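The structure appears below as structure tokens.
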Amino acid sequence: MSFSAQVKQELMRVRPEKHCCMLSELSALTQTCASLRLSGGGRVRLVYETENPALAKRIFLLLKKRMEITPALEFKRHKRLGGRRASVLTVTEGDTRRLLVALRMLTESEAGAVYRGIPRTAMSRRCCRAAFVRAAFLGAGAVSEPETGYRLEFVSSGSKAETLMKMLEKSGIQALTAKRRGSDVVYLRRGDDVVSCLALMGAHRALMDLENIRIRRDGRNQANRARNCDEANLKKQLGAGERQRQAIVGYSLAHSLGALPKELQEIGRMRMLHPEVSLEELGQMLSPPVGKSGANHRMRRLMQIIGGEKTQERKDTHGQADAGFDGRDTHDPDAN
Ligand SMILES: [Zn+2]
């Protein structure tokens with residue numbers, strides 16, 4: 001199974017519970033999988049179409065649960081897509097109007113005119129932003145295989161792409177846009193952004209796999225570097241650096257680093273990649289670089305949060321504090 005399919009399968013299991021999030025998810029699915037069909041007499045119906053039967057079921061249930069709308073379901077074969085079967089959900093004219101108003105895609109005053117808005121809470125609440133991005137990924141997203149680098153993207157167009165960009169930005173994720181065959185593609189290409197986005201959407205299993213592959217790959221680089229270092233010196237640094245690396249890896253597997261303050265995430269990831277360097281060198285690898293005391297300060301804060309040893313330079317006097325992660329989850333900056 002491709003990594004994209006794996007992420008989607010995992011996200012499919014995340015069910016929006018709150019009313020606000022359901023609407024947010026419907027908004028994203030409507031923007032990515034639906035189109036308006038005009039029929040005789042200027043009547044407009046909203047039609048969802050997807051090749052993914054699980055996604056069709058999800059849309060069906062959301063419409064029913066959140067809007068009390070039961071769409072008509074049919075299947076059709078696409079000649080264009082090599083005879084692949086697509087699920088088609090059609091919403092009646094009256095329900096279409098009601099749904100578009102609820103999604104703020106239609107302003108009631110100028111009936112007929114479609115306003116590509118989003119529900120008010122979709123941008124302002126974190127829970128709803130997560131639901132929106134998750135649904136946009138299910139509808140039009142893809143992510144590259146972790147072995148080949150980092151790229152996560154959404155196929156979108158025009159104002160929808162702008163909305164998605166803004167939403168990602170608000171969640172601390174840096175996105176870029178490109179044109180491809182008449183569509184706008186919103187994409188992330190930094191490892192940290194891909195990781196944050198997977199965390200935001202709730203793909204924790206996939207995130208763990210990604211981090212593992214990343215660590216394994218970087219572990220090989222580290223072995224090469226180690227050979228070129230002065231051994232005695234290396235040993236000394238490895239003691240502290242390696243314990244920190246283990247604590248950080250353990251924590252990221254259990255909780256993901258994505259929820260920590262940015263500067264702590266950065267030094268944590270850098271430490272995972274370079275357990276052998278001194279704190280001073282580690283500080284120089286950050287962007288922007290920080291001095292020894294700055295790096296020391298950040299590492300101490302990170303270790304306090306994740307439950308590793310207290311400081312780097314001090315020798316452990318009371319037992320090995322290494323890998324002191326114990327599954328505690330005391331901070332939850334994402335609450336509400
Ligand atoms: Zn919500």
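Between SER293 and ASN212, the contour length at 0.36 nm per residue exceeds the alpha carbon distance by 26.2 nm. Listed cross-link partners LYS64/LYS160; LYS8/LYS160; LYS170/LYS292 are compared with a 26 Å cut-off, the Cα-Cα value being larger for LYS170/LYS292.
When MET105, MET303, MET285 are sorted by how many other C-beta atoms sit within 10 angstrom of their C-beta, beginning with the fewest, the order is MET285, MET105, MET303. Each label was represented as a point 7 Å from its Cα along the Cα-to-Cβ direction; for LEU176 and ARG84 these points are 2.7 nm apart. Among the trypsin sites (Lys or Arg not before Pro) within the stretch 1-85, those in coil by DSSP and having at most 13 neighbouring Cβ atoms inside 10 Å are ARG13, LYS18, LYS79, ARG80, ARG84. With R₀ set to 30 Å, the beta-carbon distance separating LYS18 from GLU145 gives a calculated FRET efficiency near 0.35.
A simple spin-label model places pseudo-atoms 7 Å from Cα toward Cβ; at LYS262 and THR92 they are separated by 5.0 nm.
The label point for SER183 and the one for GLU242, both projected 7 Å from the Cα toward the Cβ, are 4.8 nm apart. On the beta carbon distance between ARG205 and SER39, with R0 = 41 Å, the FRET formula returns roughly 0.40.
Every number in this text was worked out from the coordinates using simple rules, so none of it is lab data. Since the structure is predicted, the reported quantities are computational estimates derived from the model, not experimental observations. Every residue, glycine as well, gets a Cβ built from its backbone with ideal geometry; the counts of neighbours run over all protein chains shown.
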